[in-house]
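The values are calculated or read from the model by the stated rules, or taken from the named source; none is laboratory data. On a predicted model such as this, the values are computed, not experimentally measured, just so you know. Every residue, glycine as well, gets a Cβ built from its backbone with ideal geometry; the counts of neighbours run over all protein chains shown. Accessible surface is based on the protein model in full, side chains and every heavy atom, while ligands, DNA and RNA are left aside. Shrake-Rupley method; radii C 1.70, N 1.55, O 1.52, S 1.80 Å.
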Amino acid sequence: MLAIYLLTLGVSAGVVGVFFRTMLAEAGYIPEFQAGVAVAVGAASAYIASQLLFMTVIRFFWPTRSHVPVLADCVSHGSVIFLLPALSGTEFNWPHPILERVAPLIFFGLFLGAHTVLKLFSFYAVIQAEPCIRLVSELLAVAVLVFAMWAYVTVTWWLESVRGFQPRATTDLAAYEYEGAYAVARAVPEGALVETAIAQTPGAGLTFRWAPLADATDDEPLAGVFASVTMDGEETSTYSAWVPFDGAGWSVMEVPSDAVPENLTTCGVFWYEEQEPKWRSAMGIRPIIQEGREVMVAGPFAHAPATPDDARPNVVIVVVDGLGTDRVSEFGGREELTPFLDNFEQLAVTFPNMYTPAPYPESALMTILTGVSPLTHGYLGEHQGPLPESSATLAEALGASGYATAAFTEGEARTGFAFGSGFERGFEHYDVSYTTEEPVVVNEAAEPAALGSARTLARALHWINLNQHAKFAVVAYLGELRDMTYHSYYDGAGATEGKATNDATYNAGLRHLDEHIGEFIRGLRGLELAQNACVVVTSTHGADFTPPAKLTESVLRIPMWIAAPGLEPVMRTDLASLEQVAPTVAGLAGIDFADNRSLLVNPVTVDAISMATPPLVLTIRNDRWRMYWSTQLDPFTQARSGDGPKASLYDLTRLRTGQTLQDVASQHPDIVQRWTARLQAYLENQTAVWR
């Protein structure tokens, strides 16, 4: 009888071991042959240990010499017959598809049910049999310990094998592009866990941005992923969500602040194409995915939640390239080109006498982003950076304060703003997309897609809509006016292609942009959590149809509007500089930045200094005078050309349309000497970083 018992025990243990090995292999938990053997042996050993433990307990309390209980136990081993359909692949016509998915569990449940009933018969046979000494129970106990230890060893080896074969995500961050937008991210294979040390900002939630990898090998594109975030702090928690890929750009996954544990130190993220079953989550070990699919994951970013009690505003800066003050209708423009901006002054503090630091888009935009002169940030003329490490950006400061940051620069068409140009510093999301080509119409009933800079604004508003759960800061650069190209979508904006002279094209383009800036700001104010926003609209320089860049009043004088909660609309005629935009915005956000030279301090005290190169020419002005100082220097190499510095002075009160001002430097040597000394000191101070 002992031989029969051992035979049935061995066969049933083998079936159980193979069953577990098969089920775990289908679930992705068997990375190699040795691991499969370990699972089978471990499961079989655990089964044998459980069977012997049952006999040990029974024989300890009711020792007997009868063979009937042993025979009954042999019969209970036969219940493994219910596992054979799962091993043989036998197909059944299940009444519901979900039953087919859980078929192995059904078979295992039948096995457990039958096995339990038969064990009850064995138990009954034991208590009815003739008693004897307990020698057998002690021997069985020793066997239980042996098989239990062997099961532990083999299962532990299997777990280490599975962990060793887990997919690995690269630990290095890299710039990835998706649908025209860049983010610094990692390529994460399906099932791979990426862990990141993170310092928690009190009350902040976590944001991740996801996108399918462009060179993914799967035939069917991913519709989205089920993403899970593990967080270790005072307690360990997991947050999971479905992240759809809609083809409109990077998808956003937000972990709400109330789901983030206190004193967060480590954050991990992984994903699967299908939702992870709860039983698999409970195992604490992820299956091995062989398909090799990857997605891009940027983050985690700790963002301050957008709550009504947070007085800090969201930040939106719209920069219109080529918009001079003289082109704005309200400030004396010849035509009604800017009806929205004309009315916007009723909501904003307006500066019609803002001066650009240089008549180059790159120079002006970098000054807006850093609050420093082109001589300091290094973007001037043909010298395009790099931005010194000592120069912080407004985006970096806002990001460190919990803001989600994004820039839309049309870098596909403006190479100076491409990713890698330096303008991306501090931005989590850097969009360079730009097109003026109309797409193929698939649905004639659908609204036409926005094109040109209107598309840039639409993409910016879409990003804001996705990220309005957090404090956000967005910069949108609109460069369409610098193209001087007539576009068909200007029809109805005051020009036709047949009369598209430079001036007519510019006017049509400006009228078109004014309309879409209005739509953008109205759309922004229509988002409930985005209403608390500081909105800045300004320019890089005025209209200039004939290169090279000029240091003329029409080119250097630009407008600016700034609207924010608590700011009373007012017209400010002070002379101001773009260097003051960043500290003004930072001040409203409660951040110290760039010496706090805010435009909202009344009166504004600043030298309106502009420049062009080569060679370096500096110009400074006040209400009456403008002086030009040609340094004959390359400011970044200190190389000198020509005979030496030269100065010229002009009386702006004598400026008349169509007339040329006369140089009066010789008549006012005191002014020339005083301003030359000021510009010399300015030059030495601003270029110190390059020496």
Would you pick out the residues in the range 148-197 that are in contact with a Gly (Cβ under 6 Å, 6 or more places away or on another chain), in a loop (DSSP other than H, G, I, E, B) and at negative phi? Pro167, Leu193
The number of residues in the range 254-276 that are exposed (fewer than 15 other Cβ atoms within 10 Å of the Cβ) and either outside any strand (DSSP E or B) or free of Cβ contacts under 8 Å to residues at least 40 places away in the same chain (or both) is 9
When the residues of the range 636-684 are filtered to those that are assigned to a helix (DSSP H, G or I) and charged (D, E, K, R), which remaining residue is surrounded by the fewest Cβ atoms within 10 Å (Cβ to Cβ)? Asp670
How many residues, within the range 352-368, are assigned to a helix (DSSP H, G or I) and either open to solvent by less than 10 Å² (accessible area, probe 1.4 Å) or touching a Pro at 6+ places or on another chain (Cβ under 6 Å) (or both)? 6
Taking only pairs six or more apart or across chains, which ones have beta-carbon atoms under 6 Å, a first residue in the range 97-111 that is open to solvent by 40 Å² or more (accessible area, probe 1.4 Å), and a second residue that is assigned to a helix (DSSP H, G or I)? Leu110/Phe82
Provide a single number: the residues in the range 620-635 that are part of a loop (DSSP other than H, G, I, E, B) and either open to solvent by less than 30 Å² (accessible area, probe 1.4 Å) or within 15 Å of Pro359 (Cβ to Cβ) (or both). 3
Whether any residue in the range 336-343 is in a loop (DSSP other than H, G, I, E, B) and either touching a Cys at 6+ places or on another chain (Cβ under 9 Å) or surrounded by fewer than 23 Cβ atoms within 10 Å (Cβ to Cβ) (or both) is what I want to check. yes
Among the residues of the range 427-440, count how many are open to solvent by 20 Å² or more (accessible area, probe 1.4 Å) and either touching a strand residue (DSSP E or B) at 6+ places or on another chain (Cβ under 6 Å) or among the hydrophobic types (A, V, I, L, M, F, W, C) (or both). 3
For residues that are within 18 Å of Glu684 (Cβ to Cβ) and either open to solvent by 20 Å² or more (accessible area, probe 1.4 Å) or assigned to a strand (DSSP E or B) (or both), tally how many sit in the range 371-387. 4
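Conditions (1) in contact (Cβ under 8 Å) with a residue 24 or more places away in the chain; (2) open to solvent by 50 Å² or more (accessible area, probe 1.4 Å); (3) β-branched (Val, Ile, Thr), marked per residue:
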site: His516; (1), (2), (3): yes, no, no
site: Ala533; (1), (2), (3): yes, no, no
site: Val537; (1), (2), (3): yes, no, yes
site: Met560; (1), (2), (3): yes, no, no
site: Ala563; (1), (2), (3): yes, no, no
site: Met571; (1), (2), (3): yes, yes, no
Residue in the range 613-624 that is within 39 Å of the chain's Cα centre (by Cα) and of a type in the set (A, V, I, L, M) present: no
Exactly one of Leu139, Leu159 is within 20 Å of Glu276 (Cβ to Cβ) and out of contact with any Phe, Trp or Tyr (no Cβ under 8 Å at 6 or more places or on another chain), and that one is Leu159
I want to confirm something. Restricting to the range 166-188 and keeping residues that are surrounded by 14 or more Cβ atoms within 10 Å (Cβ to Cβ) and closer than 23 Å to Gln34 by Cβ, which single residue is farthest from the chain's Cα centre (by Cα)? Gln166
Within the bounds of the range 231-251, is there any residue that is part of a strand (DSSP E or B) and among the charged types (D, E, K, R)? yes
Residue under question is Ala311, and the condition is that it be part of a strand (DSSP E or B) and either small (Gly, Ala, Ser) or farther than 30 Å from Thr584 by Cα (or both); does it hold? no
In this structure, does Gly322 turn out to be assigned to a loop (DSSP other than H, G, I, E, B), without any contact (Cβ under 8 Å) to a residue 12 or more places away in the chain and either touching a strand residue (DSSP E or B) at 6+ places or on another chain (Cβ under 8 Å) or of a type in the set (Gly, Ala, Ser) (or both)? no
Being surrounded by 17 or more Cβ atoms within 10 Å (Cβ to Cβ), assigned to a helix (DSSP H, G or I) and modelled with pLDDT of 85 or more narrows it down to one of Val126, Val80, so name that one. Val80
Starting from the range 662-682, take each residue that is touching a residue at least 24 places away in the same chain (Cβ under 8 Å) and polar (S, T, N, Q) and list its partners that are exposed (fewer than 12 other Cβ atoms within 10 Å of the Cβ) and assigned to a loop (DSSP other than H, G, I, E, B), counting only C-beta distances under 8 angstrom and pairs at least six apart or across chains. none
Being in a loop (DSSP other than H, G, I, E, B) and either basic (Lys, Arg) or surrounded by fewer than 24 Cβ atoms within 10 Å (Cβ to Cβ) (or both): is that true of Gly411 here? no
Looking only at the range 29-49, count how many residues are of a type in the set (A, V, I, L, M), within 19 Å of Gly10 (Cβ to Cβ) and either touching a Ser or Thr at 6+ places or on another chain (Cβ under 7 Å) or open to solvent by less than 30 Å² (accessible area, probe 1.4 Å) (or both). 8
Exactly one condition in (1) acidic (Asp, Glu); (2) in contact (Cβ under 8 Å) with a residue 12 or more places away in the chain; (3) under 27 Å from Glu382 (Cα atoms) is false for Asp643; which is it? (2)
Which one is modelled with the highest pLDDT among residues in the range 593-619 that are open to solvent by 70 Å² or more (accessible area, probe 1.4 Å), of a type outside the set (S, T, N, Q) and under 18 Å from Met571 (Cβ atoms)? Val601
